[in-house]
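Input: a single structure, listed below in structure tokens.
Read-outs: derived from the displayed coordinates by stated rules, not from any lab. Source: prediction; values computed, not measured. With ideal geometry, Cβ positions are generated from the backbone for all residues, glycine too; neighbour counts draw on all protein chains shown.
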Amino acid sequence: MTWFSLKRTLQSNLASSIEVLNPTNQDIPRSNLHTPLRYSAVLLSIGKTTQICHQNIPLKKINCNKTVTYISAIPRKLEKIWQQPADDIAAILLSRLQEQTPQPIWSSIRQTEHNWLEFMISEAGIWQWQQQLCQWPVSCTPQVPPYPIASEQLWQLQSGYELCCRWQRCHPIDVASTISPQAYQANFLMPFQPIHHLIHCLLDICDSWHQSKRPQLLQQTQQLVMALEKCIGLVRLSPEAQAVNYWLEPIQIVLLQTLNQKLGYSLTEQF
């Protein structure tokens, strides 16, 4: 679960820009910048002694209801290493990131007053992430020994999965409307706060999938199920019901993979 984390995508973009701008790397031919030198260069720029991972670049999602926004303190982290003021580093990183093609996943990026970088994720970026979630290969067989959890907790996750199944049977989605970012803009981010909370719960699980210990992941998954139950409880007979439908498949996949790959349990459609 590495290829659909918005956090890791942003960290990869930052890593590429740091490599290009690293003062110790200015003599490296640009034709070589998309080789394993990428990681060694970033490694040198941040002063590590072991191979850097994307998660070593500081980045966090901030609390916003109607937007998905990440901030990074990487300019301040590079200040002493590059022997340049943080505001200058932030400015050159900002300029480099704004030049990136193809279309980035953010709608805007800015330098904050504290010389952090702030990324606001675009609707198209969220749509791409949702589509990638739906393409995640699903395993129905537990991958690890069972993690001891209370029967009530297991029942809660199982009931969340079954709720998705029942809701999809009662409210079938129009598949043709899910194939474009334009459809996403019309249906995915409606001005309905419970849906936004649901999206943030999914983001938190995906962003911390590799770093989370099983107790934390269990807690995050329980929060996802509670957000789902609240959402469906509020939209049963409202226009927002269709918008919730778009998130049921990725929720099912995340629940299934969390139980199978991380907690060591099976999920069934009915119990």
- Task: Quote the FRET efficiency, to the nearest 0.05, computed for residue 153 versus residue 249 with a Förster distance R0 of 22 Å and r equal to the Cβ-Cβ distance.
- Result: 0.40
- Message: Quick check on my link table: of 7/80; 7/61; 213/262, which ones sit more than 19 Å apart, alpha carbon to alpha carbon?
- Response: 7/80
- Hey, can you rank 220-229, 205-214 by average C-beta count inside 10 Å, highest first? 220-229, 205-214
- Task: Please give the peptides 139-151, 117-129, 160-172 ranked by average Cβ packing (other Cβ atoms within 10 Å per residue), highest first, as a rough proxy for protection.
- Result: 117-129, 160-172, 139-151
- Run the quick spin-label model on residue 56 and residue 170: label points 7 Å from Cα toward the beta carbon, then report their separation in nm to one decimal. 5.1 nm
- Message: Need one number: nm distance between label points at residue 12 and residue 63, each 7 Å from Cα along Cα→Cβ, rounded to one decimal.
- Response: 3.1 nm
